[in-house]
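Worksheet: one structure, shown below.
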Amino acid sequence: MPRAKFLIPLTFILLAGVIDANSRVAFSRPGNMMRVPNMDINMYKNLLAVNVSSEYLSSSQSSSAFSVNTMGKSGYLYGLSFVRPVNPANSGELGFHLQKNMFKYGDVNVGAGIQDIIFRQGSDSADDDGLDTKGVSLFAVLSSVKDFDDYAIATYLGFGSGKINEDSHLYVSNQKQNIGVFLGFNFTTPFLKKNGGANFMTEFDGKGLNIGVSIPILKSTHINLGITHFESFGDFATEDRTDDWSALRGDAPSITFGMGINVPRIFDADEIEELGLDEQLGYGIYGETDSSILYYDLICTDVVETLRDSIKVSNNMIDNLNDYNNMLQHNEVVLVDSTRKNLLREQVSQSSQNKAMRHLSRSLRFFYDEEYRNALSEVNFAIELNPNLAIAYGRRGSIYYKLGDNRRATLNWNVALQLDPEFTEIYDMLLASDENRLIPIEIGKKQENIK
């Protein structure tokens, strides 16, 4: 692969810097910051974390480091580092580091540990060789991680002694043990998200401000860049400008360049459940990979990403279908209400029809008894209850005819025909009325046929 070909010479360059060249070289301690101690909750998903880094103070002055870190099932984080400091010259330091997360509450973790147990060899003075107990660093750190959609920010606040508080580029044979406070921030972004996301970091280590960035070029490989003592970066490489190579300052700024490689740990489903690794395997969008096998096979990674996108699309489709289902349920409720209204209206209409027919029946009885006024009153009640009852208008026309009001009689008969054009008896009565041969007849349409 092209990127793998690029990494091979890069690795050799960094290793050469270690062989050719301050104890706490940036990116050489356990965790994901430059110099300050921190608790990296993602560490257990890697079997090993290997880092190579160099700090360049000038064109001919540098410190380099090679480190290996791992976390056990017990939660202890172990670190081993080999450093070639700029001072003492020609010396090498082998360091051991140990830390553990002691307490967790929500997204807040409290950790403690010991770093910089150093064995030095190759110094100009034999008194400086051997186990260095003067710079041992004890620390406690409070860490918290917050997720914001595709972003995450980790905060580290603590205090420490030894080299954490004072790590000069110049070797001090009688170093004092002081306690200092440190603060760091690590901001994870979705840039190069498929490889884990780029990390921007800034920290105050008790003596100066350091800034850096970790760029993931592969799923398991990242490039580290940074500047130490950024507040005095204007004095970078003063020795090159003055040609005084002996005037090295203990707090001189430096440019840091390094690379990290993570060797992933393989988990099976039972181990993930047994150890509760669902939280330890990561946070936010950067911890969603269920198996570190994905580090090895980019095709698997692409497949997983495609499946995740498909799941998101499916979830959106489900949401849309749920909204559509809610709309259909609403329409169903509206239709049910409309049906109930129509049914109620039909029931009211049927009730009015029945009342109208009762009044019409009474009017017929009064008509036979020649009580035409009472018959007219009853038929008016029937028309009021059902204005579309043709036989009622026909009956009223006959009543008016009996009362001698031919105009009203003709008017009501015509209304009856408009409502029921097949009312044949009305045609006969109108024709007989025009020919002046009308005789009193009963309208022949039977009431029982009217609903």
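The values are calculated or read from the model by the stated rules, or taken from the named source; none is laboratory data. Bear in mind that the values here come from a model prediction, so they are computed numbers and not experimental data. All Cβ positions, glycine included, derive from the backbone under ideal geometry; neighbour counts span all protein chains shown.
Quick one: would you say Arg308 is within 29 Å of Arg24 (Cβ to Cβ) and at pLDDT 60 or above?
Numbers: within 29 Å of Arg24 (Cβ to Cβ): no; at pLDDT 60 or above: yes.
No: the conditions fail for Arg308.
Counting only residues that are of a type in the set (A, V, I, L, M) and closer than 20 Å to Leu364 by Cβ, which one in the stretch 402-416 is surrounded by the most Cβ atoms within 10 Å (Cβ to Cβ)? Steps first, please.
Taking the stretch 402-416 first, the residues of a type in the set (A, V, I, L, M) are 403, 409, 411, 415-416.
Those still in the list that are closer than 20 Å to Leu364 by Cβ too: 403, 409, 415-416.
Details: Leu403: 14, Ala409: 22, Val415: 19, Ala416: 25.
Only one residue tops the list, namely Ala416.
Quick one: would you say Phe148 is modelled with pLDDT of 90 or more and within 30 Å of Phe103 (Cα to Cα)? Write out each step before concluding.
Values: modelled with pLDDT of 90 or more: no; within 30 Å of Phe103 (Cα to Cα): yes.
Against the criterion (modelled with pLDDT of 90 or more and within 30 Å of Phe103 (Cα to Cα)), Phe148 does not qualify.
Listed here are the residues, each with its yes/no results for (1) of a type in the set (Gly, Ala, Ser); (2) at pLDDT below 85; (3) farther than 21 Å from Ile223 by Cα.
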site: Gly17; (1), (2), (3): yes, yes, no
site: Ala26; (1), (2), (3): yes, yes, no
site: Asp40; (1), (2), (3): no, yes, no
site: Met43; (1), (2), (3): no, yes, no
site: Asn51; (1), (2), (3): no, no, no
site: Thr70; (1), (2), (3): no, no, no
site: Pro85; (1), (2), (3): no, yes, yes
site: Ser91; (1), (2), (3): yes, yes, yes
site: Asp107; (1), (2), (3): no, yes, yes
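Summed over the stretch 209-232, the residues that are surrounded by fewer than 17 Cβ atoms within 10 Å (Cβ to Cβ) and small (Gly, Ala, Ser) give a count of 1. Exactly one residue out of Ser137, Ser168, Ser173, Ser125 is at pLDDT 85 or above and either assigned by TED's automatic domain parsing to the domain that holds Tyr78 or crowded, with 18+ Cβ neighbours inside 10 Å (or both): that is Ser137.
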